[in-house]
């Protein structure tokens, strides 16, 4: 019998992730509750952050327990929770935990989950361990949160350490993460390496060349993802100068200064595009 699951991940239906891809495959033979993002980032007064906060509050006000059915499947629900993102104090953590617990358990009772597996993809979900009637805890890690841009590194690292100690299994998507967690001899036996795969049906389907791409006269080096501060702009400049017969095409949100790259005719930024 396949175990029911409670999954704490990013926003369902947002940017595609390996967590969503795996759950889409696993949800057909079990009941699953997906909890939308409960936060990792430092609060900042940027327009994008403000929009995100307003969206969360707006959705919550109109449905205090905002569970929705997905894909006309009564066994799969998404919860858009009311919570405190990345609480710092013990009191704030306690409030955030109980807010989440009330919302999740109500949906769990509706679906009649039995001894579910608690799948956590975000370290800030650690506070819920032991309060949702789960039978096992799995930490699925496919990012080095200690180096992600915009993340509250101190708090998130503390939560991840707690999570690793409490989880029954730690599943990682890279050998780098495998080595990182395996350095702790107390964790080594928990760590399992599951490399990323590919949606073969999606990527094997032929499509016409996008009109947004540069001329077919040149070779194209493409990048899809967040264009953040870790981008080696000096390296891209070096390549753009020495490889004029190549076009360097970046697709994704720009979160760092790329002014120095815009002077090159063979470097193009196309913005965000749907997966």
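State, to one decimal in nm, how far the label point of residue 102 lies from the label point of residue 221, with both points 7 Å from Cα in the Cβ direction.
Spacing of the two 7 Å Cα→Cβ label points: 5.4 nm.
For the chain, what mean projected area does the convex hull of the alpha carbons give, in nm²?
Numbers: hull surface 69.3 nm².
Its Cα hull, projected and averaged over all orientations, spans 17.3 nm².
With axes computed from alpha carbons, what is the tilt in degrees of helix 90-111 against the longest principal axis of the chain, rounded to the nearest 10 within 0 to 90?
80
Given the -39500 (n - 2.57) contribution per DSSP H run of 4+ residues, what per-residue ellipticity at 222 nm results for the chain, rounded to the nearest 500 deg cm²/dmol?
On the way: 7 runs with 82 residues, N = 275.
Calculated mean residue ellipticity at 222 nm is -9000 deg cm²/dmol.
Say we join alpha carbon atoms closer than 10 Å with springs in a Gaussian network model of the chain; which of 110, 216, 178 then has the biggest fluctuation?
The residue with the greatest mean-square fluctuation here is 216.
Whole percent per 10 Å bin, from 0 to the bin with the longest distance: what is P(r) over all C-alpha pairs of region 207-269?
Binned Cα distances yield the sequence 21, 56, 21, 2.
Quick one: order 83, 185 by neighbouring beta-carbon count within 10 Å, fewest to most.
On the way: 83 21, 185 7.
In order of increasing Cβ crowding within 10 Å: 185, 83.
Suppose we keep just the DSSP beta bridges with both residues in the chain; what percent of those would be antiparallel, to 5? Mind dumping the intermediate values first?
Details: 5 of 38 bridges.
That works out to approximately 15 percent antiparallel.
Multiply the residue separation of residue 242 and residue 153 by 0.36 nm, subtract the distance between their alpha-carbon atoms, and state the gained length in nm to one decimal.
Values: separation 89, 0.36 × 89 = 32.04 nm, distance 3.73 nm.
Between residue 242 and residue 153, full extension yields 28.3 nm more.
Mind sorting 138, 194 by how few other Cβ atoms lie within 10 Å of their own Cβ, fewest first?
194, 138
Given an 8 Å cut-off on Cα distances and at least 6 residues of separation, report the relative contact order of region 107-220 as a percent. Intermediate results must be reported in sequence, preceding the final value.
Numbers: 122 pairs, mean separation 22.4, N = 114.
So the answer I get is 20 percent.
Which value in Å is the Kirkwood Rh of region 144-228 over different Cα pairs?
Working: mean 1/r = 0.0601 Å⁻¹.
Answer for region 144-228: a Kirkwood hydrodynamic radius of 16.7 Å.
Consider a paramagnetic label point 7 Å from the Cα of residue 136 along Cα→Cβ; state which residues of region 1-27 have an amide N under 20 Å from it.
1-9, 19-27
Can you give the FRET efficiency for residue 210 and residue 165, using 1/(1 + (r/R0)^6), R0 = 45 Å, r = Cβ-Cβ distance, to the nearest 0.05? Walk me through the numbers on the way to the answer.
Working: r = 47 Å, r/R0 = 1.04.
So, using R0 = 45 Å, E works out to roughly 0.45.
Could you tell me how many degrees, from 0 to 90 and to the nearest 10, lie between the Cα long axis of helix 47-61 and the main elongation axis, the longest principal axis, of the Cα atoms of the chain?
It works out to around 30 degrees.
Over the Cα atoms of region 187-240, how large are the radius of gyration and the largest Cα-Cα distance (Dmax), in Å?
My reading of the Cα-based Rg and Dmax gives 17.8, 52 Å.
Using alpha-carbon pairs under 8 Å, 6+ residues apart, how would you state the relative contact order of the chain in percent? Don't jump to the answer; show the numbers that get you there.
Values: 415 pairs, mean separation 37.6, N = 275.
RCO, the chain: 14 percent.
FYI, it's all coordinate maths here, none of it is from the lab. For clarity, every value in this text was computed on a predicted model and none was experimentally measured. For neighbour counting, all protein chains shown are included, and Cβ atoms are generated from backbone atoms with ideal geometry for every residue, glycine included.
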